[in-house]
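Q: Please see the structure below; I have some questions.
The values are calculated or read from the model by the stated rules, or taken from the named source; none is laboratory data. As the structure is a computational prediction, the values presented were derived from the model and not from experiment. Cβ atoms come from the backbone with ideal geometry, glycine included; neighbour counts cover every protein chain shown.
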């Protein structure tokens with residue numbers, strides 16, 4: 001027969017993160033001393049029943065504090081009477097380092113108007129308030145119950161409830177991924193109130209619940225593509241260039257790489273490819289721009305007479321359309337052509353997005369090299385050709401003439 005245990009105690013170790021621990025021996029007596037530390041509660045089970053609960057302090061297990069023993073074992077008062085019972089210790093401290101995370105959840109983002117895979121992470125703190133309910137519903141036949149066992153057991157329920165509440169919250173409030181971090185505090189409180197009743201069923205009290213981050217799931221292919229697109233958009237905004245120009249840069253870089261890697265015929269083809277790409281993508285070409293000014297215009301088409309039809313990118317929706325159209329067929333935005341390269345620009349733009357030419361109504365251009373001219377300039381600053389004088393103005397400086405044959409501004413004889 002196994003020896004009778006006279007002393008029962010549990011020395012907890014904080015690093016173990018144990019919620020419950022069963023004393024290894026079951027042979028007790030009515031003289032056994034039970035020591036329960038602060039933040040602990042001891043529960044005795046015998047023949048499948050709870051025979052006693054003990055809070056912090058030192059207790060002697062006898063029929064005075066365990067009257068049910070007389071019904072189970074027929075133990076009389078007095079004497080060292082043996083009996084069998086399981087002693088469970090429950091840790092009622094509040095751990096604050098339990099992590100949770102969700103798997104990927106698809107959400108239609110109102111800012112980008114596309115499905116975005118999201119993932120959420122956070123922490124929560126709980127404590128046992130009903131040790132008996134906790135042991136009966138969760139522990140079962142094990143000898144210990146750890147924080148990791150808790151998270152494993154409730155992973156499915158936690159993820160399902162958390163995802164449902166997060167998606168309902170951000171969808172009802174039309175929150176996009178660019179601003180979702182500003183709502184984490186309110187969303188965390190909403191989740192805590194919703195999940196608290198779930199934990200009460202198992203003897204727990206949910207003390208705190210925090211969402212630390214909600215972000216695009218970078219482990220999915222869709223998430224990687226979205227993050228790349230967002231990064232490119234940010235770079236374009238900071239750098240001050242358009243999507244069309246970024247395509248020119250990218251294709252131009254590839255063509256230049258082919259020049260460096262190729263030899264003989266390959267290098268020549270790479271050079272031709274680079275020239276053609278940059279010419280076709282930027283409205284007449286960065287290397288050989290097409291002039292759109294000082295030509296007669298057909299009232300039925302947008303592009304000047306004699307200029308071959310080609311495709312340009314809409315400044316509003318970035319889709320291609322022919323330059324013989326007055327409006328973009330995809331979004332209806334009017335085609336506002338640059339007088340120098342023909343690229344489409346916003347109607348209020350001050351400079352061309354492709355070549356940088358000034359687009360103000362008063363802008364004039366050199367008839368020789370098509371460079372923009374400063375107001376009142378007598379000569380082109382780029383090629384030096386004299387500016388054609390307007391009627392009634394000085395041929396040298398462009399100053400308005402009076403009735404005298406000599407210019408009052410520069411003295412040039414205009415007669």
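Q: Regarding residue 48, is this residue out of contact with any strand residue (DSSP E or B) (no Cβ under 7 Å at 6 or more places or on another chain) and within 18 Å of residue 73 (Cβ to Cβ)?
A: yes
Q: Any chance you could count how many residues in the stretch 26-36 are modelled with pLDDT under 90 and either crowded, with 16+ Cβ neighbours inside 10 Å or within 20 Å of residue 136 (Cα to Cα) (or both)?
A: Adding up the residues that qualify gives 5.
Q: For residue 68, all conditions in the list (1) modelled with pLDDT under 85; (2) surrounded by fewer than 13 Cβ atoms within 10 Å (Cβ to Cβ); (3) closer than 20 Å to residue 132 by Cβ hold save one; what is the number of the exception?
A: (2)
Q: Which number in (1) part of a strand (DSSP E or B); (2) more than 30 Å from residue 115 (Cβ to Cβ) marks the one condition that residue 80 misses?
A: (1)
Q: Take the stretch 304-321 and flag every residue that is more than 37 Å from the chain's Cα centre (by Cα) and surrounded by 15 or more Cβ atoms within 10 Å (Cβ to Cβ).
A: The answer is 304, 307, 310.
Q: If we keep just the residues of the stretch 104-114 that are more than 16 Å from residue 169 (Cβ to Cβ) and modelled with pLDDT under 90, which is surrounded by the most Cβ atoms within 10 Å (Cβ to Cβ)?
A: Top of the filtered list is 112.
Q: Of the numbered conditions (1) within 30 Å of residue 48 (Cβ to Cβ); (2) in a helix (DSSP H, G or I); (3) in contact with a helix residue (DSSP H, G or I) (Cβ under 8 Å, 6 or more places away or on another chain), residue 126 satisfies every one except a single condition; which is it?
A: Just one mismatch for residue 126, condition (2).
Q: Oh, and also: Report whether or not residue 50 is touching a residue at least 40 places away in the same chain (Cβ under 8 Å) and crowded, with 20+ Cβ neighbours inside 10 Å.
A: No, not satisfied.
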